[in-house]
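Chemist: Below you will find the structure I want to go over with you.
The values are calculated or read from the model by the stated rules, or taken from the named source; none is laboratory data. This is a predicted model, so every value here is computed, not measured. No Cβ is skipped: glycine too gets one built from the backbone with ideal geometry, and neighbour counts run over all protein chains shown. Keep in mind that these areas ignore ligands, DNA and RNA; they rest on the heavy atoms of the full protein, side chains included. Shrake-Rupley method; radii C 1.70, N 1.55, O 1.52, S 1.80 Å.
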Amino acid sequence: MIRQILTAGACALSLSTGVAQANSELVTTFTLGNGMDVVVVEDHRAPVVQQMVWYRAGSADEPVGQSGVAHFLEHLLFKATDKMESGEFSATVAANGGQDNAFTSYDYTAYFQRVAADRLELMMQMESDRMVNIRLTEENIITEREVILEERNQRTDSSPQALFREQMNASQYLNHRYGVPIIGWRHEMETLDMDDALSFYQTYYSPNNAILVVSGDVEPDEVKRLAETYYGVIPANPDLPDRLRTSEPPQTAARRLTFTDERIAQPYVHRSYLAPERDAGDQEKAAALYLLSELLGGGTTSYFANALQFDQQVAVYTGAFYNGLSLDDTSFSFLIVPSEGVSLEEAEAALDNTYAQFLEEGVDEEQLDRIKLQLRASEIYARDNVDGIANRYGRALTSGLTIADVQAWPDVLQAVTPEDIIAVAREALVKEASVTGYLMKDTAAEEITQ
C-alpha cells in the first residue's frame, strides 16, 4: 500500500490510497476495485473495533410517494439472507460480546457492529452478505411495516412537539425532500410493499455506493485484505443513478404556522431559517454559523440566556441550533419558551429585539475565545470513542465532504473571527427564508372535554 503522510489542511485528500495523520488520528483510505471506499482510523489503546457500512442513500433519495422506504429497508436488512436466518445477524454479534444496530437519516443509511478486534473478519463476512443477499418474505414485509408504523406512533404521533417539528420542517422546505420526515408520512408508510423495498435495495445497496469505516485496534493492511476478500468480490452496480435531487427555489416570503394540541403544557416559539451547509473545501460560513449558534443559545452563559432569561426574565429557556452536516441546504433555528404570564407574541418580539441588539453590539470576543477553547477540549475527548470517530467520518463523507474537510474542521472553527460571524448572520438569517411556529395548548379541545 502506498503510504503518504498528510497534515490536516495542508492539502486535499480524496478517497484514494493514502494515509492522513492529524489531531492524533491516523487515517488510511483506499478504494476497492469495485468502487467501495474504505476509511481506517487506528486507535490501539483498547482491543476494540467498530465496523460501519454507510450507504449514500437516505430518506431524501426516496422515490416520490414512497416516504419511509429507506428506514423500512434498514429494518428489513436484519431478516434472512442466503447464509443467515432472520435475526441471526444480531444474535451472532451478541454471542461474540458485541453490539450492533443501524440508523437512517436524510443523506445516508448506516449499519455498525462494535466488537473485540479479533472478531472483525466475522463482522465483514456477515455485513457483506447482507449487502447483496437479503431474502424477504411477505410475512417480513407485513411484520416490519407494522413495526415502523408503531415506531411512528411512539416517536411522532404521540408527541405534539414531534408533530410540530415535522410541520415546521415541511414548511421550511418548499421543494426539497428534506421537508419529508425520515420515518415517512403515515399514509405512504402504510402502502410500502416488497417491490418498494427491493427496488430501493437493488438501486442503492452496492459497493460503489458504500463507504466502509473501520475504527479501533486495527492495522490498515489487514483491513484492506479482509475488505478485498469479503466486499471486493461483490460486483459494482453499473446502473447506479447520479445523486440528483430537487433543489430549493429562492425563498421570498416568511412563513408562519400555529400548531395546537390539548396535551401541550408549555407553549413555545420556534423560528427556523434556510441556511448553507458545510461544503467540501468551503466550510468557513458553516463554521461561523455554528459558532453563532453557540454564542446565541449554547447554554446558560449564552447571549440569549443572559438577555432573555436573566435580565428581561421573559423566558425560562432559550436556544439556537445549527448542524451543517447535510448534502444540501440545512437550517438554523431559535427557540424560546416564555415565562409564566408572557405571551408567545411577547416572547417572539423579545427574541427578535435581542437578536437585533446582538447584531448591533457585535460578538463578545472573550466569550468567543471560551467557546473555541471548549471545542478544542471536546475534540480531544472525542478521540476516546471509536463509535464517535467512525460516525464523524461516515456522516461527513456521505454528506459530500472529504477526509481533508473532516480534519480541517477544528482549525476552520478556530480561524473564525467576530466579523465573520456577524457577516454570515446578516447574509444567511433573512426573514424571507424563515418559518416561525407557535406551539400552544388547544384550549377549545380542552373546553369540549370538560
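Chemist: What accessible area per residue, rounded to a whole number of Å², is obtained for region 359-449 using a probe radius of 1.4 Å? Walk me through the intermediate numbers first.
Modeler: Values: 4330 Å² over 91 residues.
Per-residue value: 48 Å².
Chemist: Want the number for T252 to T300: 0.36 nm per residue separation, take away the alpha-carbon distance, what's left?
Modeler: 13.9 nm
Chemist: Residues of region 176-243: accessible area per residue at 1.4 Å, in Å²?
Modeler: Working: 2860 Å² over 68 residues.
Accessible area per residue: 42 Å².
Chemist: Right, here's the next one. Does anyone have the angle between helix 344-361 and the longest principal axis of the chain? Alpha-carbon axes, 0 to 90°, nearest 10?
Modeler: The angle comes out at about 80 degrees.
Chemist: Then there is this: Within 9 Å, Cβ to Cβ, of V435, how many net charges do the neighbouring residues add up to if Lys/Arg are +1 and Asp/Glu are -1? Before the final figure, lay out each step's value.
Modeler: Numbers: positive: R255, R256, R271; negative: none.
Net of charged neighbours comes to +3.
Chemist: Something else now. How charged is the neighbourhood of G97? Take every other residue with its Cβ under 14 Å from the Cβ of G97, and add Lys/Arg as +1 and Asp/Glu as -1. If you can, show how the numbers build up before the last one.
Modeler: On the way: positive: R114, R119; negative: D100, D118.
Net of charged neighbours comes to 0.
Chemist: Along each of its three principal axes, how wide is the spread of alpha-carbon positions in region 144-192, in whole angstrom units, largest first?
Modeler: Per principal axis, max minus min of the Cα coordinates gives 30, 23, 13 Å.
Chemist: Order H75, H176, most accessible first, counting only protein heavy atoms with a 1.4 angstrom probe.
Modeler: Reading off the accessible areas and sorting them downward yields H75, H176.
Chemist: Before I look further, what does region 297-354 give for accessible area per residue, probe 1.4 Å, in whole square angstrom?
Modeler: On a per-residue basis, 43 Å².
Chemist: Provide the FRET efficiency to the nearest 0.05 for the S343-M194 pair, computing r from the beta carbons and using R0 = 41 Å. Don't jump to the answer; show the numbers that get you there.
Modeler: On the way: r = 52 Å, r/R0 = 1.26.
Computed FRET efficiency for S343 and M194 comes out at 0.20.
Chemist: Let me check I've understood the local charge: for A288, count other residues with C-beta under 10 angstrom from its C-beta, Lys and Arg +1, Asp and Glu -1. What total comes out?
Modeler: -3
Chemist: Counting just the Cα atoms, what span does the chain cover along each of its three principal axes? Round to the nearest Å and put the largest first.
Modeler: Here the Cα extents, ordered largest to smallest, are 65, 55, 40 Å.
Chemist: Roughly speaking, to the nearest percent, how much of region 252-402's 1.4 Å accessible area is carbon and sulfur?
Modeler: 49 percent
Chemist: Over the chain, what is the relative contact order in percent, taking alpha-carbon pairs closer than 8 angstrom and at least six residues apart?
Modeler: Relative CO of the chain lands at 21 percent.
Chemist: Right, here's the next one. Going by average Cβ neighbours within 10 Å, how do the peptides 381-387, 38-44 rank, with the highest at the top?
Modeler: Per-residue mean Cβ counts within 10 Å order the peptides as 38-44, 381-387.
Chemist: For region 64-158, what ratio Rg/Rh do Cα atoms give with a Kirkwood hydrodynamic radius?
Modeler: 0.99
Chemist: In nm, give the distance between the simple-model label positions of D352 and R186, each being 7 Å from the Cα along the Cα-to-Cβ direction.
Modeler: Result for the modelled spin labels: 3.4 nm.
Chemist: Label points 7 Å out from Cα along the Cβ direction at R245 and K372: separation in nm?
Modeler: 3.2 nm
Chemist: Measure off 7 Å from each Cα along the Cα-to-Cβ vector at A170 and R383, then give the distance between these two points in nanometres to one decimal.
Modeler: About 4.6 nm, to one decimal.
Chemist: Now a separate question. Please work out the FRET efficiency for the pair Q202 and E228, using the Cβ-Cβ distance as r and a Förster radius of 22 Å; give the result to the nearest 0.05.
Modeler: With a Förster radius of 22 Å, E is 0.40.
Chemist: For R45 and A415 in the same chain, what is the full-extension length gain: residue separation times 0.36 nm, less their Cα-Cα distance, in nm?
Modeler: In short, 130.1 nm is gained.
Chemist: Dipole magnitude of region 73-119 about its Cα centre, charges +1 at Lys/Arg Cβ and -1 at Asp/Glu Cβ only, in debye to the nearest 20?
Modeler: Magnitude of the dipole: close to 100 debye.
Chemist: Nearest 500 deg cm²/dmol is fine: what mean residue ellipticity at 222 nm does the chain get from its DSSP H runs of n ≥ 4 alone, each adding -39,500 (n - 2.57), divided by its residue count?
Modeler: -12000 deg cm²/dmol
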